[in-house]
Amino acid sequence: LENEAKEIKKNFGNFILFTTKFGRVNFIPRYGLKSWLEGQFLNGNVNKKQKNYLEFVRKSIEHEKNNLDFFFKFLEIFHQKFPEKKLVIRPHPSENHKVYINEVNKYNNILVISDDKSTNSWISASEFLIHCNCTTSIEAYFLNKSSINFLCYSNEKVEHKLAKMFSKNVYSIQELLENISNPQEKINLQNYEYDIAKKWLFNLDKVSSPDVILNNLIQLKLSNGIYKDRNSNIFYFLYYKFKRLVRNILYKYFDNSDKGYRQLRNQKMSNYNKTEIQNTCKSYTSEEEYKKIKVREIYPDIFEIVNDKN
């Protein structure tokens, strides 16, 4: 992440990062759905017979709604109180980013950024992180950054234990302003907190998740029974590429029924191509090893990565 973080620092200088998690209230209407809860009913994640869980979900929506309102009030005060400081808002990909963009247009020291860089790179480049009940606090901990949990409206029943454990928790705008004026050091977990966190986070200590994954993949012996995909050739590739091109043109110019879905798709995966895959491989390998790696797009947006030892 270091290269991305350096690039961000070069372009934006010093800034405080706010990662949003208000997707249950800042919902992008799509598929005829007007609210996040309607989608949960449709998917079967929530039903009216589960009264206790339904009540929990409604309380979590209320929690987000009230804290989002407080967040907008905070932005106005931040702009006035800290004109020399910069605040970068990084919205969750599932949220309606236009809401934030429209809100901060009147502030010259607050930006909304939703690029294709890793959120971890933004955390690493920031002075510190502010969030609301969000697991980015855990990522900040791993990146040796302090984080502040913004809980002006509090309800412990729907607040995530780990997010609170890895953060300095504040319960008013005034308390948040004080912590911005005097930033805290990174949280140090107590022994009992570490034991709790370890139950949830497999790689909390020195365990390397990629090593564990690779070791298990090696044991699978995937070469047994592999067969060649008959459709994986230049003719089918061009056919599927052309089909997608036509579909996208039709959606763009002739189908206005689901703009919300297209907005969500663009926010979640706006720039996914062969170059990005190659750059990712390059950032994780030595120059010598990278020369052995071959990346091939076998279907539109489906890539084959091969370590060509020969």
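Points worth noting:
- Taking the listed residues 270, 286, the one that is out of contact with any Gly (no Cβ under 7 Å at 6 or more places or on another chain), of a type in the set (Ser, Thr, Tyr), at pLDDT 85 or above and closer than 25 Å to residue 5 by Cα is 286, with no other qualifying.
- Residues that are in contact with a helix residue (DSSP H, G or I) (Cβ under 8 Å, 6 or more places away or on another chain) and open to solvent by 90 Å² or more (accessible area, probe 1.4 Å) within segment 45-57 comprise just one, 48.
Matching residues to (1) touching a residue at least 60 places away in the same chain (Cβ under 8 Å); (2) farther than 21 Å from residue 302 by Cα; (3) not β-branched (Val, Ile, Thr):
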residue: 177; (1), (2), (3): yes, yes, yes
residue: 195; (1), (2), (3): no, yes, yes
residue: 208; (1), (2), (3): no, yes, yes
residue: 220; (1), (2), (3): no, yes, yes
residue: 240; (1), (2), (3): yes, no, yes
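- Whichever residue in segment 225-243 is at pLDDT below 85 and either over 18 Å from residue 304 (Cα atoms) or small (Gly, Ala, Ser) (or both) and, among such residues, is farthest from the chain's Cα centre (by Cα): 225
- Meets criteria (open to solvent by less than 90 Å² (accessible area, probe 1.4 Å), modelled with pLDDT under 85 and within 19 Å of residue 167 (Cα to Cα)) for residue 205: yes
- All positions within segment 292-305 that are open to solvent by 60 Å² or more (accessible area, probe 1.4 Å) and modelled with pLDDT of 85 or more: 292, 294, 296, 302, 304, 305
- Sole residue being open to solvent by less than 90 Å² (accessible area, probe 1.4 Å), closer than 23 Å to residue 93 by Cβ, aromatic (Phe, Trp, Tyr) and touching a residue at least 12 places away in the same chain (Cβ under 8 Å), chosen from 70, 41: 70
- Odd one out for residue 176 among (1) in a loop (DSSP other than H, G, I, E, B); (2) within 21 Å of residue 81 (Cα to Cα); (3) aliphatic (A, V, I, L, M): (1)
- In segment 73-85, the count of residues that are modelled with pLDDT under 95 and surrounded by fewer than 17 Cβ atoms within 10 Å (Cβ to Cβ) is zero.
- Of 148, 187, 173, 180, all but one fail to be at pLDDT below 95 and hydrophobic (A, V, I, L, M, F, W, C); the exception is 187.
- Among the residues of segment 113-129, those that are farther than 10 Å from residue 4 by Cβ and more than 14 Å from the chain's Cα centre (by Cα) comprise 126, 127, 128.
- Of the residues making up segment 263-291, those that are surrounded by 13 or more Cβ atoms within 10 Å (Cβ to Cβ), farther than 30 Å from residue 26 by Cβ and in contact (Cβ under 8 Å) with a residue 12 or more places away in the chain are 277, 278, 281.
- Considering segment 101-163, the qualifying strands (runs of 3 or more DSSP E), each wholly inside and each with 1 or more residues that are open to solvent by 40 Å² or more (accessible area, probe 1.4 Å), run over 110-112.
- Selected residue (only one of 185, 139, 156 is without any contact (Cβ under 8 Å) to a residue 12 or more places away in the chain and either β-branched (Val, Ile, Thr) or under 30 Å from residue 87 (Cβ atoms) (or both)): 156
- Residues of segment 22-33 satisfying the condition of being part of a loop (DSSP other than H, G, I, E, B), within 18 Å of residue 93 (Cα to Cα) and open to solvent by 30 Å² or more (accessible area, probe 1.4 Å): 24, 25, 29, 31
- Of all the residues in segment 58-67, those that are surrounded by 14 or more Cβ atoms within 10 Å (Cβ to Cβ) and in contact with a helix residue (DSSP H, G or I) (Cβ under 7 Å, 6 or more places away or on another chain) number 3.
The values are calculated or read from the model by the stated rules, or taken from the named source; none is laboratory data. The structure presented is a predicted model; accordingly, all values stated were derived computationally and were not measured. FYI the Cβ positions are ideal-geometry reconstructions off the backbone, even for glycines, and counts take in every protein chain you see. In case anyone asks, the SASA skips ligands and DNA or RNA and just uses the protein heavy atoms, side chains included. Shrake-Rupley method; radii C 1.70, N 1.55, O 1.52, S 1.80 Å.
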